[in-house]
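Encoded as structure tokens, the structure appears first; notes follow it.
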Amino acid sequence: MTPITPASATPTAADDFVIQLALDRGLLSSVQVAAARALIARHTDLTVSAPRLLDTLVGQGALNSRRVAELLAAEFGMPMAPDMSAIRVTGDTLELVPRAVAARYRLVPLHREGNTLQVAIADPLDTDGIDALGHIVKLTIEPVVATAEEITEAINRFYGKDANSIDDLLNDLAVTGGGGDASAVTTEASSAGNVSNTEADGPIIKLVHQIMFEAIQRRASDIHLEPLEKRFRVRYRIDGVLLEVENPPKRLQLSIISRLKIMANISIAEKRIPQDGRIQISVGGKQLDLRVSSLPTAHGESIVMRILDKEGLTLGLPELGFFRDDAATFERLITLPDGILLVTGPTGSGKTTTLYGCLHFINKPDRKIITVEDPVEYQLNGINQVPVRHDVGMTFASALRAMLRQAPNIVMVGEIRDLETAEIAINASLTGHMVFSTLHTNDAPGAITRLIDIGVKPFLVSTSLRCAMAQRLVRKICAKCKRPMTPTAQELRSLNINPAQAATATFAKGDGCSSCNATGYRGRMGIFEIFVINEEIQKMIYEGAGGAKLRDKARTNGMRTMREDGTRKVTAGLTTIEEVVSITVGDAS
């Protein structure tokens, strides 16, 4: 048990109070206390202070820290805190209590309702801490009791693991004045921008590196640094959801942004236009790329860093979320000798990851694969990757035109954005190349309408397109806190799950634990809508059929919508009804 050090009593007095309570309640015997005192008396190391009696009793197993907390709660008429590992705390509530205050008084804000703030505390004897918090937040404090271990774990979970190091760095900055020293942030970074090197002498550099490390440790896909009017907000996107973490002081905003721009090799003098760059980092021997985007806003430059993990590219189709039947269909389509395969969906729906997964699947020594991307997000072995460079005229269309003279078997175009690119891609498919690309459409049949809208002739679409697949990402239920659940009748109706389906389904949810940051979800998977172009569909496209008719015909031919695919994954216990309903709100059949 972490030592209790109340402000209202000395450690010895507090320990004696708890021990006497335990003796009175029969939780402890005088023999156990005497044995603990004898052990302390034998302490001979003068360089280390003697252990406290209460800590010794807990360490020997004579007392349980949970029982101590329950004993104190009962004595002071306070309720016990609910399961701390399953509690979710909003960012607004966490903002009320800075991490330094939470750590100093060993407490965690849980919930605010009106003028009352519910707070979990480790020591009800520390009345000074409760009073001090009341003055800080200007609210009525409603304390509930938890163990010291639970409080420490909750502080690390809500405010970020290893955040003490950030506190130390901020304290260092307060002492050295590093926030205002421009020279501290203009030091040349290593050629790789490696955050694990030893160049970081300045507190600003250490702080920037710590922000990156924590994001990677918490499985974030993006880091958002956003200048607001009175604060500098830092958020991590974890499993598709933004989570606000400890914010650096507003005065450090310019220094942090300048440091990141130096590492990304973009101009620190230019603050009027958007800029893009790249940072390579090494964490635990693992190489990661950070794609950096800078955007001028009203209160300074907003920085977003996309964390690109190459290991995700080697995933097979089942790991991406394909069930066995869809995986078999998709594997057949991506190994066709020619044609176009389109992956559609909004930004952040996993299109690029799916395409790279396809390339990894078909990347064999006897095939030449060339890609044109804006930008090249991942660098793949055995594949020729061409970056788009508008400043020198290297557009999608010009790059694609040049690529075809390299005699590739397979071509990937990062995105079809205009008629010129679309026509070259279609001509490539008609001359014996397999072409992969992406489009921004809401569903799979919408890809047909989109191509025709940008000017492609319907007969070219019908003869070249082999498949259009729409996808979204849903969060997976955390394996560590997963448990069976029974959905309500309303929840079943939201996905059109009939009683017969429900009877054979395996519904589940996550209770929330430290592994999933108390969300109940860990990781994401795809839900898919695979629109295969057969002869009937080709004829309808040639005759100018609209998107609704194409969709109806595809459904008749057996196409599952994204909502239906999501429903399969709900009934298999992989995700929840809430996730699928929120992601596929427009896909009701």
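The values are calculated or read from the model by the stated rules, or taken from the named source; none is laboratory data. In this text the structure is predicted, and so the values were computed from the model without any measurement. Please note: Cβ atoms are built from the backbone with ideal geometry, for glycine as well, and neighbour counts cover all protein chains shown. Accessible surface areas use protein heavy atoms only, side chains included; no ligands, DNA or RNA. Shrake-Rupley method; radii C 1.70, N 1.55, O 1.52, S 1.80 Å.
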Pick out the one residue from E535, E578 that is closer than 30 Å to R88 by Cα, of a type in the set (D, E), out of contact with any helix residue (DSSP H, G or I) (no Cβ under 7 Å at 6 or more places or on another chain) and open to solvent by 20 Å² or more (accessible area, probe 1.4 Å). E578
Applying the selection to the range 106-131, what residues are surrounded by 17 or more Cβ atoms within 10 Å (Cβ to Cβ) and either assigned to a loop (DSSP other than H, G, I, E, B) or touching a residue at least 60 places away in the same chain (Cβ under 8 Å) (or both)? R106, A122, D123, P124, L125, D126, G129
One residue is enough: does the range 241-251 have a residue meeting the conditions assigned to a helix (DSSP H, G or I) and either touching a residue at least 40 places away in the same chain (Cβ under 8 Å) or open to solvent by 70 Å² or more (accessible area, probe 1.4 Å) (or both)? yes
Can you tell me how many residues within the range 477-508 are open to solvent by 50 Å² or more (accessible area, probe 1.4 Å), touching a helix residue (DSSP H, G or I) at 6+ places or on another chain (Cβ under 9 Å) and either of a type in the set (A, V, I, L, M) or under 23 Å from T90 (Cα atoms) (or both)? 2
Within the group L404, L380, L355, L400, which residue is under 17 Å from T335 (Cα atoms) and either assigned to a loop (DSSP other than H, G, I, E, B) or touching a residue at least 12 places away in the same chain (Cβ under 8 Å) (or both)? L355
Kindly establish whether R560 is open to solvent by 10 Å² or more (accessible area, probe 1.4 Å), in a loop (DSSP other than H, G, I, E, B) and of a type outside the set (G, A, S). yes
Residue among L336, L288 that alone is out of contact with any Phe, Trp or Tyr (no Cβ under 9 Å at 6 or more places or on another chain), under 30 Å from N409 (Cα atoms), open to solvent by less than 20 Å² (accessible area, probe 1.4 Å) and not β-branched (V, I, T): L288
Elements of type helices (runs of 4 or more DSSP H) contained in the range 468-552, each with 1 or more residues being within 16 Å of S582 (Cβ to Cβ): 489-494
From the residues in the range 56-91 that are in a helix (DSSP H, G or I) and open to solvent by 40 Å² or more (accessible area, probe 1.4 Å), which one is modelled with the lowest pLDDT? G59
Does H390 satisfy the criteria of being modelled with pLDDT of 85 or more and surrounded by fewer than 17 Cβ atoms within 10 Å (Cβ to Cβ)? no
